[in-house]
1. Give me a count of the residues in region A:28-51 that are touching a residue at least 60 places away in the same chain (Cβ under 8 Å) and either farther than 17 Å from B:Leu305 by Cβ or among the β-branched types (Val, Ile, Thr) (or both).
2. How many residues does region B:63-79 contain that are charged (D, E, K, R), in contact with an Asp or Glu (Cβ under 9 Å, 6 or more places away or on another chain) and within 17 Å of B:Ala137 (Cα to Cα)?
3. Scan region B:137-153 for residues that are surrounded by fewer than 18 Cβ atoms within 10 Å (Cβ to Cβ) and in contact (Cβ under 8 Å) with a residue 24 or more places away in the chain and report the count.
4. Look at A:Leu248 and say whether it is within 14 Å of another protein chain (Cβ to nearest Cβ) and surrounded by fewer than 21 Cβ atoms within 10 Å (Cβ to Cβ).
5. Quick one: is B:Thr418 within 30 Å of B:Thr250 (Cα to Cα), buried (at least 21 other Cβ atoms within 10 Å of the Cβ), more than 14 Å from chain A (Cβ to nearest Cβ) and in contact with a Lys or Arg (Cβ under 9 Å, 6 or more places away or on another chain)?
6. Name the residues in region B:393-412 that are in a strand (DSSP E or B), more than 9 Å from every other protein chain (Cβ to nearest Cβ) and in contact with a helix residue (DSSP H, G or I) (Cβ under 8 Å, 6 or more places away or on another chain), would you?
7. Considering region B:363-376 alone, what residues qualify as being assigned to a helix (DSSP H, G or I) and either of a type in the set (Lys, Arg) or facing another protein chain (nearest Cβ under 10 Å) (or both)?
8. Would you please name the residue that is nearest to the other protein chains (Cβ to nearest Cβ), looking only at residues in region B:377-392 that are in contact with a Phe, Trp or Tyr (Cβ under 9 Å, 6 or more places away or on another chain), of a type outside the set (S, T, N, Q) and assigned to a helix (DSSP H, G or I)?
Amino acid sequence: MDEVKILPMEEKKKRSLNFVKLRFYLLMVITIILIFISIVAPYMVPNDPYATDIRGRNLPPSQEFLFGTDSHGRCVFSRVLIGARTSISAALMLVIITFVIGTTIGIVCGYYGGWIDNLFMRIADILLAFPDIILGIAVAGIIGGGLFNAMLALGLTGWTQYARVARSNVLTMKEDTFIQAARLSGNSDLRLLFRHILPNIIGVLVVIATLQIGTMMMGIAGLSFLGLGVQVPQAEWGSMVNSGRSYLQIAPWISLFPGLVMMVTIIIFNLFGDALRDFLDPRINNSS
Amino acid sequence: MKNKLVACLLVALSLMLIGCMGANEVEEIATKVSHEGEVLVEEKSLTFGTTNAVASLDPHIDWQGWFSVRYGVTETLFKLDESLVPEPWLAESYENLDELTWKVTLKDNIRFSNGEPVTAHKVVENMKHFGEENYRAAVFSTANYRVEDDVTLIIETEEPHATLINDLCDPYASIIDLDATEDRSMNPVGTGPYVPVAFVANESIDLEKNTNYWNGTPQLDKAYIKTIPDMDTLVMALQSGEIDIAHNITADAVDLFQDTSQYTISQVGTSRAYMLYYNLDTLKDEAVRKAISMAIDKEGISTYLLNNSATPAIGAFPDTMPYGGQQLDGIAYNPEAARKLLEEAGYEDMSGDGIVEKDGEPLSIDLVLYRRLAQEDIATEMQAALKKIGIDVKVTVFDNTEYLKAGEFDIGMYCIVTTSTGDAAAFLNATMRTDMDNNFGNYSNAKVDALLEQLLREFDSEKRTALVIEIQQLALEDYAYDFIGFNNMTMIMKENVKGFKSHPTDYYQFNVDSTIQ
């Protein structure tokens, strides 16, 4: 009886393992393709995304203009492609920068403790007390519009997530025997932090970072939608959705397509983050 | 699964019910009143939607008079007709006795909404008051007044002032009962067909008919003015029936109201110009300014980009005026010639990036504007058009016009009414004369200054017209300004709304005949 019961369990585990792996690789390929598209976008656009044609405004989707044209007669499809570059690269850059800064602050705070820990954690507490998009609007409103300022506004709160997680992980780890051993054998603090502690907590941080890409993309698009992000005529999804707002009843494609593409992209990045977490989860991974 | 479906349907149904409530509420209240009060005659009321917010109803301060005249609360001594020529309104007639002296005779049947008669004495009080309160009315603060009898007054100005009667058409010259009005910002007592009964600053004005009106019986019992700052929301409010009439609708939205069995569209050309200031301190090369002017497709911008909501301009005034654009020699749209002109001036694209250079410096200019009507759309189009002739344009958008005063621009786009009272002198004098308030580009031409001085002292209308034409022509030939187009104003109302007509001035909307059927 026992043997009969155990076998399907094993089978199930194996199958789910395969599924997790498959899903991860599949999403990784899609994500890489997406990033690749955003990099080569300028060479792929069928029409000049900045060339206006006031005689061909608000044209519906056709063979020449796959997503139609906007209120200045510009090709929406080309602008969505070019916008991918702005949106995706800005989000990726923002995530990488906040990841590095946040993690460094986190492990330093966790390892040394004391006033430095107090200082940064209280700052993080204050920043976390505001809804980040509201804080972003306030900051972008004060220092003015522009993509860089919008990124700065979002980055201001972005680092706290990594700092918090890194700090709590370091706190539990720093009394572990292998760290004690490494310290006793004369390793410097720097080497301890980056050679021995960081590799052990990086997995969970990378998962957070991947999930943050979608959030940041939405944040940038949100600020651009409100007119605090990119400036005219630069193509960016959020500002494209906004510029089509007045034409929703006349030419819905101006807002619809950038919105749709943004939604799909964010879903893909989020799914990829999920898949990565499952993939790195020791409960599933160790059994193999 | 079935349960879920039912739940979903229930949620959807309740949402629909909530959505419908807004529209029904108003009608329900209306029928209730008529049942309880047993009023047999149905009360006539309509709601007027606008993006303009009204901060105060006091007509004498700033531009607030535009609102009190627009909504039929106050009136002025003279009124502008469709071609902006003054005609008597509260006044019966006027006489220009000499360069400094004007005699104005009032109609003898005019009463304020509180029943008090409008006397020459009260009119003089008003003139002194708005002369003090409003910088545009400075001439009235230094003038001397004499009251001859109840309906006749004499105005003596300090300097010759040829446009005095035009100035009396400006809404700041509204005649109100200064003695009776305790809080002019909330409740000015005017002579118009409607009286404000409830006013919430920047939100709403509730009007009731003036039972003492001097010129007939107002057709509407009540009118509600509602400020809806967002254009898209305003459009949807008209579609949903929340408002009966919408003021200043954008061109593209007009396409939604083409069904003439449901809506009436009233469109009129105005003198609100989209204009460019060339900064003569930073854009010193005349060839560059000329090339820029040549590269702007005014016709295309007006017809296609702005969907006929603008009329292409040559000079500062529309063609309907005697000194309008048809009298001037403007520069024709010709991007090819513009490119050649730049080449002859030494600008060539050596680096192959599509932007021309001179002495290794790429030709890059700052185009600065503020958010107003279609200015952003025009800027985007200009940016693309100038790139075609090799000029790199950086666009900066502000919320107000401070940047112009600071002179931090190469091209400043501005949106201004060039002749609000049928008088060309005020705009030209403030804009084109050396060191004047609105001369943001630091234009200075001794001949223009001399002609402007002459214009202010000239009383003969034909000579004035000739001067206005000459001044504009000189400024255009110096490439100090360019005028892209004049905004056409569109008012859209439900088919059953009558007695509203767009007027080139934008402030005579409500009148005694305004009604809803």
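1. From region A:28-51, those touching a residue at least 60 places away in the same chain (Cβ under 8 Å) are A:28, A:30-31, A:34, A:49-50; that's our starting set.
Cutting the leftovers down to either farther than 17 Å from B:Leu305 by Cβ or among the β-branched types (Val, Ile, Thr) (or both) gives us A:28, A:30-31, A:34, A:49.
Counting residues in region A:28-51 that are touching a residue at least 60 places away in the same chain (Cβ under 8 Å) and either farther than 17 Å from B:Leu305 by Cβ or among the β-branched types (Val, Ile, Thr) (or both) gives 5.
2. Going through region B:63-79 one residue at a time, the tally reaches 1.
3. Looking only at that region, the number is 6.
4. Details: within 14 Å of another protein chain (Cβ to nearest Cβ): yes; surrounded by fewer than 21 Cβ atoms within 10 Å (Cβ to Cβ): yes.
Against the criterion (within 14 Å of another protein chain (Cβ to nearest Cβ) and surrounded by fewer than 21 Cβ atoms within 10 Å (Cβ to Cβ)), A:Leu248 qualifies.
5. yes
6. Once the filter is applied, which keeps residues that are in a strand (DSSP E or B), more than 9 Å from every other protein chain (Cβ to nearest Cβ) and in contact with a helix residue (DSSP H, G or I) (Cβ under 8 Å, 6 or more places away or on another chain), region B:393-412 yields B:Val393, B:Ile411, B:Gly412.
7. Scanning region B:363-376 gives a single hit, B:Glu376.
8. Checked region B:377-392; the qualifying residue nearest to the other protein chains (Cβ to nearest Cβ) is B:Ala384.
The values are calculated or read from the model by the stated rules, or taken from the named source; none is laboratory data. Owing to the predicted nature of the structure, the values given are computational and were not obtained by experimental measurement. Using ideal geometry, Cβ is built from the backbone for each residue, glycine included, and neighbour counts are taken over all protein chains shown.
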